[in-house]
Amino acid sequence: MGITVIPGMVTGPQGKQESVDFLVDSGATYSLLPESVWKKIDLRPKRKMSFTLADGTSIQRYVSECFISLQEGEGHTPIILGENDDQALLGVVTLEILGLVFNPFNRTLHSMQMLLA
């Protein structure tokens, strides 16, 4: 299994921006920013949620929102406010909001076939 990193830009509510290299994680529900990034763009917690890690461990993290820009698209997305040693992740909810799908065979993002039915 390969690791795919996608460059992006995140913008906070006051317009502060930060470049981020996102690890594409199609197993993650929400995207995540490390503490050093979300603090630079002035994100504030909106709610606290429980998450289950791959090893079954349950953790709680705060969630906020930010504007995310990728080469393939941009939009607002929920974001987990991670800790300093966390890796920036691009999760499935963000991919769906942006109308993107991850191709695991060539490790690229593509436009999703959108259905209106």
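The values are calculated or read from the model by the stated rules, or taken from the named source; none is laboratory data. If you're wondering where the values come from, they're calculated on a predicted model, not measured in any experiment. Positions of Cβ are generated from backbone atoms using ideal geometry, with glycine treated the same way; all protein chains shown enter the neighbour counts.
Can you tell me which residue in the range 20-38 is nearest to ASN106 (Cα to Cα), limited to those that are exposed (fewer than 15 other Cβ atoms within 10 Å of the Cβ) and among the charged types (D, E, K, R)?
Residue satisfying both the conditions and the ranking: ASP21.
Can you name every residue in the range 12-31 that is outside any loop (DSSP other than H, G, I, E, B) and either basic (Lys, Arg) or over 17 Å from ILE80 (Cβ atoms) (or both)? Before you say what the answer is, go through the steps one by one.
Taking the range 12-31 as the starting set, the residues that turn out to be outside any loop (DSSP other than H, G, I, E, B) are 17-24, 31.
Answer for the range 12-31, where residues must be outside any loop (DSSP other than H, G, I, E, B) and either basic (Lys, Arg) or over 17 Å from ILE80 (Cβ atoms) (or both): GLN17, SER19.
Determine whether the range 32-46 contains at least one residue that is in a strand (DSSP E or B), within 16 Å of GLN87 (Cβ to Cβ), within 12 Å of the chain's Cα centre (by Cα) and of a type outside the set (Lys, Arg). First the steps, then the outcome.
As a first pass, look at the range 32-46 and keep what is in a strand (DSSP E or B): 32-33.
Keeping just the survivors that are within 16 Å of GLN87 (Cβ to Cβ) gives 32-33.
When the remaining residues are screened for being within 12 Å of the chain's Cα centre (by Cα), the result is 32-33.
Filter once more, so that each one left must be of a type outside the set (Lys, Arg): 32-33.
Yes - at least one qualifying residue is present in the range 32-46.
Within the range 1-19, how many residues are farther than 23 Å from PRO45 by Cα and either surrounded by fewer than 14 Cβ atoms within 10 Å (Cβ to Cβ) or touching an Asp or Glu at 6+ places or on another chain (Cβ under 8 Å) (or both)?
Taking the range 1-19 first, the residues farther than 23 Å from PRO45 by Cα are 1-7.
Add one more test, that the residue is either surrounded by fewer than 14 Cβ atoms within 10 Å (Cβ to Cβ) or touching an Asp or Glu at 6+ places or on another chain (Cβ under 8 Å) (or both), and what stays is 1-3, 5-7.
Adding up the residues that qualify gives 6.
Within the range 41-65, restricting attention to residues that are in contact with a Gly (Cβ under 8 Å, 6 or more places away or on another chain) and modelled with pLDDT of 95 or more, which residue is surrounded by the fewest Cβ atoms within 10 Å (Cβ to Cβ)?
As a first pass, look at the range 41-65 and keep what is in contact with a Gly (Cβ under 8 Å, 6 or more places away or on another chain): 41-43, 54, 61.
When the remaining residues are screened for being modelled with pLDDT of 95 or more, the result is 41-43, 61.
Working: ILE41: 22, ASP42: 13, LEU43: 22, ARG61: 16.
Here the answer is ASP42.
Here's a check for you: in the range 52-80, which residue that is of a type in the set (A, V, I, L, M, F, W, C) and touching a Lys or Arg at 6+ places or on another chain (Cβ under 6 Å) is nearest to SER19 (Cα to Cα)? Break it down into steps so the answer makes sense when it comes.
Looking only at the range 52-80, we keep the residues that are of a type in the set (A, V, I, L, M, F, W, C), and these are 53-54, 59, 63, 66-68, 70, 79-80.
Checking which are touching a Lys or Arg at 6+ places or on another chain (Cβ under 6 Å) leaves us with 63, 80.
Values: VAL63: 20, ILE80: 17 Å.
So the residue we want is ILE80.
Starting from the range 14-42, keep only residues that are within 18 Å of VAL63 (Cβ to Cβ) and touching a residue at least 24 places away in the same chain (Cβ under 8 Å), then list their pairs with residues that are among the β-branched types (Val, Ile, Thr) and exposed (fewer than 15 other Cβ atoms within 10 Å of the Cβ) whose Cβ atoms are within a distance under 9 Å, requiring at least 6 positions of separation or different chains.
Qualifying pairs under 9 Å: PHE22/VAL5.
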